[in-house]
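Some notes on the structure that comes next.
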Amino acid sequence: MTAALPAAAHGKPIEIWFQDEARIGQKGTLTRLWARIGSRPRAPRDSRYEWAYLFGAVCPERATGVALVMPYANSEAMNLHLLEIGRAVAPGAHAVLVLDGAGWHTSQALTPPDNITPLCLPPYSPELNPVENVWEYLRKNNLALRVYDNYDAIVDACCAAWTDLIAVPARLASITHRAWAYLS
């Protein structure tokens, strides 16, 4: 990995960040819940098609993260998210940002800040990105089994869910920690 870093990053502390995005909206996600054996619990299910994209990035070692809620998932939104991640990197450090191979992650229009080096995961390997576990946690605990009135309600729910997640750094670290991701 050190070979992928620019010359300006040598000698600086390196942070490993993971990034991904999730579509949250009216179509909703069903999740498992406890119920009496043989019963069929009712759950709300919306069939409308309005959603927002929650762009999230976490640094498990520092137990911190940043997120943006955007109306689209494209290079412009990703550039805005990269700027937010760049602001969250510790002063004087350089971040390796691990992300999947989505089109807007590999676009020529992407302009990462000087303190971030993107590193794409191999294809078909979402299990290597701990942000996938963040989405699972948020859907299970904050975002599933809900009917949103409109786009603003979706944005508010995403913001509240992310704020609740990062309010407890130990929980964020336990969800996203990967032993193989630490530099030694």
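We did not get these values from a lab; they are worked out from the coordinates using the rules stated. The structure displayed is predicted, hence computed values, not measured ones. So basically every Cβ, Gly included, is an ideal-geometry build from the backbone, and we count neighbours across all protein chains shown.
Show the residues, 5+ positions off or on another chain, whose built amide H is closer than 5 Å to the amide H of Arg146.
Amide H to amide H, under 5 Å and 5 or more residues apart or across chains, Arg146 pairs with Thr29.
Using a cut-off of 10 Å between beta-carbons, work out the net charge of the residues near Phe55 (Lys and Arg +1, Asp and Glu -1, Phe55 not included).
-3
Pop out the ³J(HN,Hα) list for the stretch 152-165 in order, Karplus 6.51 cos²θ - 1.76 cosθ + 1.60 with θ = phi - 60°, rounded to Hz; leave Gly and Pro as x.
3J(HN,Hα) across the stretch 152-165, in whole Hz: 4, 5, 5, 4, 4, 5, 4, 4, 5, 5, 5, 4, 5, 5.
How about the stretch 82-144: which chymotrypsin sites (Phe, Trp or Tyr not before Pro) there lie in a loop by DSSP and see at most 11 other Cβ atoms within 10 Å?
Qualifying residues, ordered by number: Tyr124.
For the stretch 78-173, report the convex hull volume of the alpha-carbon atoms normalised per residue, in Å³, without decimals. Walk me through the intermediate numbers first.
On the way: hull volume 13.2 nm³, N = 96.
Looking at the stretch 78-173, the number lands at 137 Å³ per residue.
List the residues, sorted by chain then number, that are 5 or more residues from Ala95 or on another chain and whose placed amide H is less than 5 Å from its amide H.
Long-range HN contacts for Ala95: Glu15, Ile116, Thr117.
Let me check I've understood the local charge: for Trp180, count other residues with C-beta under 14 angstrom from its C-beta, Lys and Arg +1, Asp and Glu -1. What total comes out?
-1
Return P(r) of the chain (all Cα-Cα pairs; 5 Å bins starting at 0; whole %; ordered from short to long distances).
Percent of pairs per bin, in order: 1, 8, 15, 19, 19, 15, 10, 5, 4, 2, 1, 0, 0.
Among Ser75, Ser39, Ser125, which one shows the highest mean-square fluctuation when the chain is modelled as a Gaussian network with alpha-carbon springs under 10 Å?
For the chain, modelled as a Gaussian network with Cα springs under 10 Å, the answer is Ser39.
Using a 10 angstrom cutoff on alpha carbons, build the Gaussian network for the chain and name the most mobile of Ala170, Ala67, Ala161.
Comparing Ala170, Ala67, Ala161 in the GNM, the peak value goes to Ala170.
Please give the net charge around Met70, taking every other residue with its beta carbon less than 9 angstrom from that of Met70, where Lys and Arg add +1 and Asp and Glu add -1.
Net local charge, Met70 excluded: -2.
Using unit Cβ charges (K, R positive; D, E negative) and no other charged atoms, how large, in debye to the nearest 20, is the dipole of the chain about its Cα centre?
Magnitude of the dipole: close to 800 debye.
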